[in-house]
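Undergrad: Below you will find the structure I want to go over with you.
Bear in mind that the values in this text are calculations on the coordinates, not laboratory data. Everything numeric in this text was worked out from a predicted model, so none of it was measured. Note that each Cβ is placed from the backbone with ideal geometry, even for glycine, and that neighbours are counted across all protein chains shown.
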Amino acid sequence: MAVIRSKIGGVVIGRNEGERLGVCLRSVRREIDHLVYVDSGSVDGSVALAKKLGAAVVELSTDRPFTAARARNAGASRLLEDHPDVSLIQFVDGDCELQRGWVAHAASFLTSHKDVAIACGRRRERFPGRSPFNQLCDMEWNTQVGDTAACGGDFLVRTEAFQTVHGFIESLIAGEEPDLCFRLRQAGWRIFRLDREMTLHDAAMTRTSQWWQRSVRSGYATAEAFQRRGDKEHGLRRQVLSNLLWGLPVAWPLWPVLWLRVSRHSGALYASHIVFGKLPHLVGQMRFWWQRMRGQAGTLIEYK
């Protein structure tokens, strides 16, 4: 491979992931020598497991709210403190399994494309047939190959680029990856999705209440993204207004029209997700604006 393993580090974040964390850490250790695990208040033995598997461990303090952004920043800081010559960082969520050969392939791509800051690949749902909500996640992960606006929580990034934009915004409770990618693109970097298997993800989402909470979080993130980036980010205004207009009771009689329009292109399941999801998305947006009006900081919206 074009970049030797000693120049690549891995950061895994987690909170009460149980056995999934063991699968994740073992998969990363197979591909990467330098590994840091960041724990956000787990009570299931995650810290002990990570230490047993040879990862350097960072336990976040409770003096500030836990966020994935804060955890990833802490992991990157520890990684570079221990191994300052690391030039590429692979971030992985603790409920994911890194696929064999992904890191070598992505590192080679970044080596030959100097203007690309982030390489991401195909994240698949481990059990898409277990519930319609898992299937929806698998559909969500299947984004377009090539230049893209954003990535998810699993990606390989140049240390130089990550440090240039000062990493993640730690106060963001969701949507921190698109925010990072936006700032990278503003700085002249590209984000690229490769046509390659990257991770297996376990959403473990089997209840409607979980889907609702996840959708509320998405609506919250959209509203905050619009407040932060406004018209600089294409499509954000449209998303916010769409959730607002279609989520209000006056628009509910028109939902069948929207459902038919979406289902023609994307099928009944996705259409149902889009249409009925307008309501929890609106709830999330209203929660964000209400908290900002009251001067309150956001807190984690967890669906597991």
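Undergrad: Taking a cut-off of 19 Å between Cα atoms, list the lysines near K114, but don't count ones fewer than 8 places away on the same chain.
TA: Correct list for K114: K7.
Undergrad: Under the rule of at least 5 residues apart or a separate chain, name every residue whose amide H is placed under 5 Å from the amide H of R196.
TA: Residues meeting the criterion, in which the H sits 1.01 Å from N, are R122.
Undergrad: For the chain, find the longest principal axis of its Cα atoms and tell me its angle to the long axis of helix 102-112, 0 to 90°, nearest 10.
TA: With rounding to tens, the tilt is 80 degrees.
Undergrad: State to the nearest 20 debye the size of the charge dipole of the chain about its Cα centre, where the only charges are +1 on K and R beta carbons and -1 on D and E beta carbons.
TA: In total the dipole reaches around 680 debye.
Undergrad: If you line up the long axis of helix 176-186 against the longest principal axis of the chain, both from Cα atoms, how many degrees apart are they, to the nearest 10?
TA: 80 degrees
Undergrad: Against the longest principal axis of the chain, how steep is helix 208-229, in degrees 0 to 90 to the nearest 10, with axes from Cα atoms?
TA: For helix 208-229, the angle is close to 80 degrees.
Undergrad: Arrange the following residues from fewest to most other Cβ atoms within 10 Å of their Cβ: I4, I118, I32.
TA: Final ranking by Cβ density, sparse to dense: I4, I32, I118.
Undergrad: Given R₀ = 35 Å, FRET efficiency for W289-R261 by Cβ-Cβ distance, to 0.05?
TA: Calculated transfer efficiency: 0.80.
Undergrad: Run the simple label-point estimate for R30 and S61 please: 7 Å along Cα→C-beta, distance reported in nm.
TA: Result: 3.8 nm between the two label points.
Undergrad: OK, next. At 0.36 nm per residue, minus the direct Cα-Cα distance, what do R100 and R130 gain on full extension? Give it in nm, one decimal, please.
TA: That works out to 8.4 nm of additional length.
Undergrad: How much length would be gained if the chain were fully extended between T143 and D231, taking 0.36 nm per residue of separation minus their Cα-Cα distance, in nm to one decimal?
TA: 29.4 nm
Undergrad: Let me have the 222 nm mean residue ellipticity of the chain computed from DSSP H runs of 4+ only, each contributing -39500 (n - 2.57), with the sum over all residues rounded to the nearest 500.
TA: It comes out at -14500 deg cm²/dmol, rounded to the nearest 500.
Undergrad: For V23, V43, V28, what's the fewest-to-most ordering of other Cβ within 10 Å of each Cβ?
TA: V43, V23, V28
Undergrad: Counting other beta carbons within 10 Å of each Cβ, put S209, S215 in order, fewest first.
TA: S209, S215
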